[in-house]
Amino acid sequence: MSDAEVTREGLRGERPGREARLGSGVDRDAGTPQPRRRKRGEHPFSSYYGQPIINPPVWEEREIGGYLFTGGLAGASSILAAGAQFTGRPVSARASKLTAAGAIAVSLTALVKDLGRPARFMNMLRVVKPSSPMSVGVWILAGYTPLAFASAASELAGIAPRAGRAAGLGAGLLGAGVASYTAALIADTAVPAWHGAHRELPFLFVGSAAGAGAGAALLAAPLAENGPARRLGVAGALVELGFGQLMERRLGMVAEALHQGTPGRRLRIARGLTAVGAGLAALAAGRSRPAAAAAGAALVTGSLLTRLGIFAAGVASAQDPRFTVVPQRERLARERGGPTAGPSGSSD
């Protein structure tokens, strides 16, 4: 039998769990709460034992991060292909059509792998729910994918050119939706870094997709045909960088998740590559094939790192309870007309 003495207040010498301090750490070996020293400037609001308040995303980065990137690449490539085929740029049109088909194939494979089995994707087609970004996105993919595949198959086989051009035009019309709906998909969650950026993310994703599609076209198209790709790459970079700054400004303290650790490194490199790619596209890609290839590689890689950086930042923001607690308390304070809590926990 145990030698512990039981009193009306509980076990003698044991502190009840209700006295545990918020924001405490846990000594996993001893099983007892340990005080956690707060860093300079860290907000004091936390959660029980510092545990996440919301469940972090369970999506695998390889599948869903890749799905976010390849979907944007496919959509923008179809838009470029449709424009190229109607403006007499056959090499550029062919390259963009094949890029779109390959990218959407990878995107769907990653999505189905994350869902677990193809039947789950097909089951989502049984209903139409306009208020659900996932439902809308699945129907966009269901309409876009056959058109992208038909356009690429006609180009490769050299058969049914009129049907192939019509399919390419249809894929181009749906390409904008494919490039942007994933932003609404992740913003429609409780993840602080994603939900807090729901106004800017669609524009940022469209800019990132434009950069990826333009970059892929610059890698394959001859100089005489790369004018639209160069212009789209510059425009996409400006949109991506501009709305990225707006997003960070409006996120407030949650933007810390975009600056620290792996997400911060990825996004810093992405901004640098996007800026370099846009500069090369604007100044040298129209005259030099190596410059065009370098611009294309920089834009594609920058777009990839942007998507992976935002994905990682969302996961990090969900794991840190500060990013859930502090914005909620600030919103409540604003609604009540009282002072809001500053970064150090004091009232403004």
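Every number in this text was worked out from the coordinates using simple rules, so none of it is lab data. Only a predicted model underlies this, so the values are computations on that prediction, with no experimental measurement involved. Cβ atoms come from the backbone with ideal geometry, glycine included; neighbour counts cover every protein chain shown.
Structural remarks
- Temperature 4 °C, viscosity 1.567 mPa s: under these conditions the Stokes-Einstein estimate for region 61-317, based on its Kirkwood radius over C-alpha pairs, is 72 µm² per second.
- Summed side-chain charge close to residue 67 - residues other than residue 67 whose Cβ falls under 12 Å, Lys, Arg +1, Asp, Glu -1: -1
- Using a Förster distance of 35 Å, the FRET efficiency for residue 231-residue 62 (Cβ separation, nearest 0.05): 0.60
- Of the chymotrypsin sites (Phe, Trp or Tyr not before Pro) in region 85-190, those whose Cβ has at most 13 other Cβ within 10 Å and which sit in DSSP loop: 86
- Computed FRET value (nearest 0.05) for residue 328 with residue 109, which takes r as the C-beta separation and R₀ as 41 Å: 0.60
- Inter-label distance, residue 288 to residue 54: 4.6 nm, where each label sits 7 Å from its Cα along the C-beta direction.
- DSSP-loop trypsin sites (Lys or Arg not before Pro) across region 138-205, with at most 15 other Cβ within 10 angstrom: 199
- Counted charge near residue 312, where neighbours are those whose Cβ lies closer than 9 Å (Asp, Glu -1; Lys, Arg +1): 0
- In range of the label at residue 269: residues from region 177-203 whose backbone nitrogen is under 16 Å from the point 7 Å along Cα→Cβ: none
- Gained length - residue 87 relative to residue 166, 0.36 nm times residue gap less alpha-carbon distance: 27.0 nm
- Full-stretch length increase - residue 238, residue 188 - with 0.36 nm per residue and alpha-carbon distance subtracted: 15.5 nm
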